[in-house]
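No lab work stands behind these numbers, since they all come straight from the coordinates. Just so we're clear, the structure is a prediction, and the values are computed from it rather than from any experiment. Cβ placement follows ideal geometry from the backbone for every residue including glycine, while neighbour counts extend to all protein chains displayed.
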Amino acid sequence: MAFGWIDEQARARRRAGLVRTLRPRPADSPLLDLASNDYLGLARHPEVTEGAARAARSWGAGATGSRLVTGTTELHAELERELADFCGFEAALVLSSGYAANLAAVTALAPHGSLVVSDAGNHASLIDGCRLARGTTQVVAHADPDAVRKALATHDGDAVAVSDTVFSVDGDAAPLAELAGACREYGAGLVVDDAHGLGVLGEGGRGAAQAVGLAGADDVVVTVTLSKSLGSQGGAVLGPARVIDHLVNAARTFIFDTGLAPAAAGGALAALGLLRREPDRAARARAVAAELYARLTVMGLRAVRPDAAVVSVRAPSPEGAVRWTADCRAAGLTVGCFRPPSVPDGISRLRLTARADLSGEEIERAVRVIGETRP
Ligand code: PMP
């Protein structure tokens, strides 16, 4: 039978308690949300939704074509200028998702014969970029600049190191300055995915590279998503103009994909405008994360000290994590549940996102529910 093998896989998944299902979210959910990536609470901000609506009315519901044909509107160009300027880079290129941005950056910057050095904790989209790249990938120990150095030393030729800036599972930060130092010793490039750093780290949310003085460096390329702190959808690559020009000509997920929907571009632009006017949002998201961490740790829960807005809390087992998440939901709180195979280390966790717009009362309630429902 066609696809017969998937039934065996489905049975194995059921036996292991690892079946995933979709749960449609109503527009007016009464649940307290600590699961989304809307770090700054901008996805439903009236200025952001109005920016998206206005863009759709002016430019249409879709971009109508790939970026090199009809899919580059003046709005896309404006968003690229604004992203580059806000984050401190020479140029930016907007793609339809952060996933596509990572595939674009890694594949276009790792040609045949080159070496890609990839952190073991990298996001799936960077891993897939490595898999699609023509260069050879070497996976190295997590957040370990010496391991990167060792890998680079084995290779005679072009090389690039790739890393998340803030790792999506545990919320810990990469040692960016040290990584850049290691790359410079060997003349290698550095590509970092700032999906969880933009809007949260750096001055007023200008991102992880700006926070450590790497913004605008000629050997550093940053990818971002527009779907987390900016509350919209889409992705971008930021870097030197010559790198961005190269991507326009060589990155397949840019060239062969329809341009970003105008509404998403308009929403992201409005969000960037808000970040400029209200720079305290970034620090507030970090403070909420620190408070959640401190309170959960006092209750005896094992959490990872957050470097940005992601707070990871250890669960005793995959089943325990699923039950804990369900019990939180029954008590009015949504939290993320990470378990194998999403986490290669086999450790299951609750993943909480610290939103800048959470009130003191909401933080209190979230902590109480997590404590009361712990397995
Ligand atoms: N990188 C990281 C670290 C992420 O967490 C995500 C989102 N899950 C992405 C990239 C992908 O971004 P997008 O959702 O915009 O495709």
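Comparing Gly197, Gly60, Gly207 in a Gaussian network model of the chain, where Cα atoms under 10 Å apart are tied by springs, the biggest mean-square fluctuation is seen for Gly60. Peptides 136-143, 226-233 ranked from most to least packed, by the mean per-residue count of other Cβ atoms within 10 Å: 226-233, 136-143.
Estimated from the Cβ-Cβ distance and a Förster radius of 56 angstrom, the FRET efficiency linking Arg23 and Asp156 is about 0.65. Using the average count of surrounding beta-carbon atoms within 10 Å as a protection proxy, the listed peptides 341-351, 306-316, 358-368 rank, highest first, as 306-316, 341-351, 358-368. If R0 equals 35 Å, the separation of the Cβ atoms of Leu68 and Thr136 corresponds to a calculated FRET efficiency of about 0.75.
A simple count of charges around Asn122, restricted to other residues whose Cβ falls under 9 Å of its Cβ and scoring Lys, Arg +1 and Asp, Glu -1, yields -3.
Label-to-label distance, Ser36 versus Ala77, with points set 7 angstrom from Cα along the beta-carbon direction: 3.3 nm.
What is the distance, in nm, between label points placed 7 Å from the Cα along the Cα-to-Cβ direction at His112 and at Arg305? About 4.8 nm separates the two model spin labels. Summed over all non-identical Cα pairs, the Kirkwood treatment of region 46-277 gives a radius of 17.3 Å. Rounded to two decimals, the Cα-based Rg/Rh of region 29-184, with Kirkwood Rh, is 1.03. Over the chain, dividing the summed -39,500 (n - 2.57) contributions of all DSSP H runs of at least 4 residues by the number of residues returns a 222 nm mean residue ellipticity of -13000 deg cm²/dmol. Along region 22-35 the Karplus relation, 6.51 cos²θ - 1.76 cosθ + 1.60 evaluated at θ = phi - 60°, assigns HN-Hα couplings of 8, 10, x, 9, x, 5, 10, 4, x, 6, 6, 9, 10, 10 Hz to successive residues, with x for each Gly and Pro.
Measuring r between the beta carbons of Met1 and Arg252 and using R0 = 41 Å, the FRET efficiency lands at 0.75.
Each residue of region 244-250 was assigned a 3J(HN,Hα) from its phi angle through the Karplus curve 6.51 cos²θ - 1.76 cosθ + 1.60 (θ = phi - 60°); the sequence is 5, 4, 4, 4, 4, 9, 10 Hz, with glycine and proline shown as x. 3J(HN,Hα) along region 82-92: 5, 4, 4, 5, 4, 8, x, 10, 5, 8, 9 Hz, from the Karplus curve 6.51 cos²θ - 1.76 cosθ + 1.60 with θ = phi - 60°, whole Hz, x for Gly and Pro.
Within the listed set Ala290, Ala208, Ala100, the Gaussian network model of the chain (springs between alpha-carbon atoms below 10 Å) gives the highest mean-square fluctuation for Ala290.
Computed over the chain, relative contact order equals 23 percent, with contacts defined as Cα pairs under 8 Å that lie 6+ residues apart.
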